[in-house]
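One structure is given below, encoded as structure tokens.
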Amino acid sequence: MMSASTTTSGSRRGRNSRGGPDVGTPVLPGGPRRFTRQWFDNRALPWLLLAPALLLIFGLVGYPVVRTFYLSFHEAGLASLVSGDMDFIGLDHYRHIIGDPHLRRVFLVTVVFGLSCVVATMVLGVAVALLLNRPFKGRWVLGVLVLLPWAMPRVAAATVWQWLFHDQYGLVNWVLVQLGLEGFDGYAWFISPLPAFFAIGVVVVWGAFPFVAISVLAGLQSVPDEVLEAARIDGATAGQRLRLVILPMLKPLLLVLVVISTIWDFKVFDQIYVMTQGGPARSTEVLAIATWREAFTQLNFGLGSALAMAMFVILTAITIVYIRMIREEEGL
Amino acid sequence: MPARGLRRRPRQIAASVATYAAAVVVGAFAIVPLYWMVVTSLKPQAEVRTAEPVFWPSEVTFARYADVVERGFFTYLTNSLIVAGTVTVLGVAFAAFAGYALARFDLSVKRYLLLLVLATQMFPVVVLLIPLFTVMRNLGLLDSYIGLIVTYLSFSTPLAVWILRGFFQGIPAELEDAALVDGCTRFMALTRIVLPLAGPGLAACAIFVFIGAWNEFLFALTFISQDSMRTLPVALQAFTGRSGIDFGAVMAFSTLFTLPAVVFFLFVHKRLSTGMVSGAVKG
């Protein structure tokens, strides 16, 4: 797969391959210049290419992560955060998290809400991709329409959906009543946790499914026609072609999308902040909201950092499982 | 197209009816919130809060847009465009280089780098916020474009690397090998062969990065305290708070906030759907 050998045997001397008189003339092996170029292309270049991104990652993600880890063992208010003097208190913040029934509930809620959103996003996204992969008139219209929720800023989407879910004048309740569900006349979505989470989940999935759909569609279109034709000739039905040919070929892509969706849906902040601010009575607080609340309204940056570390551990565990699966697929 | 028997016709008709039905449902789900946003913003005040929804306003009023513009919209728009635009250009360039290196070179540290890239995405941004806030404060970069740009690069670049690496892997290495045989350097092969072929991937990635920066709410909320430096998401949140139940004005602001993102999206959408790679390999 790696093209180092091809490079060696095939590369010619000199950078201006076009138009020079020596074009097409084979070059004898050896020569220091050639060695230098090969060294540059295969040893130095990759690191030069990686350098800017690595600097960003280490400087702006690595440092804060380490710093947050450090903070989670300290008593850190606003003043001590700025000055840098803070007391080491060991695992106290973590003990607090385990002992606090509300925070324990926050963890459960985060996982259940996050996974529900991932499943809904993937199912809807793949279904829409399969739909867009079918030939029908006006397909391009639908292709553009499903891009729009993705293009829409989350804060704007949450603001608009809040209006759609309005108890008295909201379009959602009106539609549900038209469908014969009279109970939704004047139904207040945001006064109890479950309906509030449902409404938030709708907004999250609405914003997330286009990315999955477009990515899967690109994957579907990359499945070679010859393979599908062969399967068809062998008598595979459309369902069999999907299940036995297309989905296995797309498995690495689907796994990556599940990873990305999981990471996004466990971190949902904006929609909840705009729609409920974690209320009523902190019942729609997920980890991101709870972390933010502890850090920026209670100014307990230590506890906030500890909550974030806990979330980091959960996401790491989930992601490691996925990565194992991807590695098996790609032989990475 | 293979010949199809006549007996298949009824099934095909049923399938195509189901396809159109599904298309209508999906299309409505996608578009209705946006439609409702725009329509609400254009309605006369009396038709906004009604028991029976008014789907088509009796007359169109742009008064709320004038109001929103008067309340500083263009300032916020400029801030957002500067920040998101810079982040997109720099982020995609960095990510393209790194993604290519990870896709094509047999680096011994590759598996750790990929883990690192993913790990950066797992960390809740809420928490990068605390240390970065301290750093920006000490460097005097609060209330500045640079503070936001640098921060946004930190969380958009890693995932962009991940996405572009996938795209580069999908481009057959034979194409570059051919270029290398013809005397290209690696870097020329990257800039002249791979990047143009990765056009749809780069476009997708640019969209992704731009939308991420355009959307970003939390850092902007924390880093920016001057009203004149606010980006659109924070400005919308503040606007909603001030406007109370004036849904028309809030929807007008939301519409103006959404519009540039949608236009940008549709503009590059063409590039997304062009299958340049399949053309190059099959053709």
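Quick note: the coordinates plus some simple rules give every number you see, no bench work behind them. What you see is a predicted model, and the numbers here were worked out from it, not measured in a lab. Heads up, the Cβs are rebuilt from the backbone with ideal geometry, glycines too, and the neighbour counts pull from every protein chain shown.
Peptides A:273-281, B:221-229, B:163-171 ordered by packing proxy, namely the average of other Cβ atoms within 10 Å per residue, highest first: B:163-171, A:273-281, B:221-229.
Could you calculate, for region B:99-250, the ratio of the Cα radius of gyration to the Kirkwood radius, expressed as Rg to Rh?
Details: Rg = 20.2 Å, Rh = 18.2 Å.
We get a ratio of 1.11 for region B:99-250.
Can you compute the equivalent ellipsoid semi-axes for region A:231-332, i.e. the square root of 5 times each eigenvalue of the Cα gyration tensor, sorted largest first and rounded to whole Å? Before the final figure, lay out each step's value.
Numbers: eigenvalues 337, 60, 11 Å².
Three semi-axes, in Å: 41, 17, 7.
Since only B:Val26, B:Ile13, B:Ser108 are under comparison, the one whose Cα sits farthest along the positive direction of the charge dipole of chain B, derived from C-beta charges on Lys, Arg, Asp and Glu, is B:Ile13. Take the convex hull of the alpha carbons in chain A; its mean projected area over all directions comes to 27.5 nm².
Based on the Cβ-Cβ distance of A:Asp185 and B:Arg11, what FRET efficiency does E = 1/(1 + (r/R0)^6) give at R0 = 56 Å, to the nearest 0.05? Intermediate values should be presented prior to the final figure.
Numbers: r = 42 Å, r/R0 = 0.74.
Rounded to the nearest 0.05, the efficiency is 0.85.
Using alpha carbons only, the radius of gyration of the protein assembly as shown set against its Kirkwood radius gives Rg/Rh = 0.99. Given in Å, the Rg to one decimal and the Dmax to the nearest whole number for the Cα atoms of region B:1-146 are 26.1, 76.
Protection proxy ranking, highest mean first, for peptides A:302-308, A:283-289, A:264-270, B:193-199: A:302-308, A:283-289, A:264-270, B:193-199, where packing is the per-residue count of other beta-carbon atoms within 10 Å, averaged. Principal axis extents of the Cα atoms in region A:61-213, from largest to smallest and rounded to whole angstrom, are 65, 38, 25.
The order of the peptides B:70-80, A:132-142 by mean Cβ neighbours within 10 Å, most packed first, is B:70-80, A:132-142.
Give me the inter-chain shielding for A:138-148: mean count of other chain Cβ atoms within 10 Å, whole number please. Intermediate values should be presented prior to the final figure.
Working: counts 4, 2, 2, 3, 8, 4, 8, 8, 6, 7, 11.
Per residue, the number of nearby Cβ atoms from other chains is 6 on average.
Given the convex hull of the Cα atoms of region B:88-150, what is a quarter of its surface area in nm²? Please report the intermediate quantities before stating the final value.
On the way: hull surface 21.7 nm².
Result: 5.4 nm².
Counting Cβ atoms of other protein chains within 10 Å of each Cβ in B:174-185 and taking the mean gives 5.
Consider a paramagnetic label point 7 Å from the Cα of B:Gln45 along Cα→Cβ; state which residues of region A:162-183 have an amide N under 19 Å from it. Hits in region A:162-183 for B:Gln45 at 19 Å: A:169. The residue among B:Val181, B:Phe94, A:Met152 whose Cα reaches farthest toward the positive pole of the charge dipole of the protein assembly as shown, with charges on the beta-carbon of Lys, Arg, Asp and Glu, is B:Val181.
Placing one equal scatterer on every Cα of chain B and applying the Debye formula, the log10 ratio I(q)/I(0) at q = 0.09, 0.11, 0.13, 0.14 Å⁻¹ is -0.63, -0.86, -1.04, -1.11. Comparing Cα centroids, region A:116-145 and region B:70-129 end up 27 angstrom apart.
To the nearest 0.05, what FRET efficiency results for A:Phe40 and A:Val321 with a Förster distance of 35 Å applied to their C-beta separation? Walk me through the numbers on the way to the answer.
Details: r = 39 Å, r/R0 = 1.13.
With a Förster radius of 35 Å, E is 0.35.
Once you reduce region B:142-181 and region A:271-332 to the center of their Cα atoms, the two points are 25 Å from each other. If you plug the beta carbon distance of A:Asp100 and A:Lys137 into 1/(1 + (r/R0)^6) with R0 = 51 Å, you get a FRET efficiency near 0.35. Each of A:Leu217, A:Ala51, A:Trp206 was placed along the dipole of chain A (beta-carbon charges, centred on the mean Cα), and the one lying farthest toward the positive end is A:Ala51.
Averaged over the residues of peptide A:163-173, the number of Cβ atoms from other protein chains lying within 10 Å of each residue's Cβ is 4. The magnitude of the dipole of the protein assembly as shown, with charges of +1 and -1 set on the Cβ of Lys/Arg and Asp/Glu and taken from the Cα centre, is near 2080 debye. How large is the convex hull of the Cα atoms of region B:127-190 per residue, expressed in Å³ as a whole number? For region B:127-190, the hull spanned by Cα atoms encloses 105 Å³ per residue. For region B:249-264 and region A:71-113, compute the distance between their C-alpha centroids and round to whole Å. Centre-to-centre (Cα) distance: 38 Å. The amide H of A:His74, built 1.01 Å from its N in the peptide plane, has A:Ile89 as neighbours under 5 Å, considering only residues 5 or more places off or on other chains.
This model, with +1 at the C-beta of Lys and Arg and -1 at the C-beta of Asp and Glu, gives region B:49-178 a dipole about its Cα centre of some 400 debye. Here the convex hull built on the C-alpha positions of region B:6-60 has a volume of 104 cubic angstrom per residue.
For region B:65-282, with only Lys/Arg (+1) and Asp/Glu (-1) charged at the beta-carbon, what is the dipole magnitude about the Cα centre, in debye rounded to 20?
Dipole of region B:65-282, to the nearest 20 debye: 340 debye.
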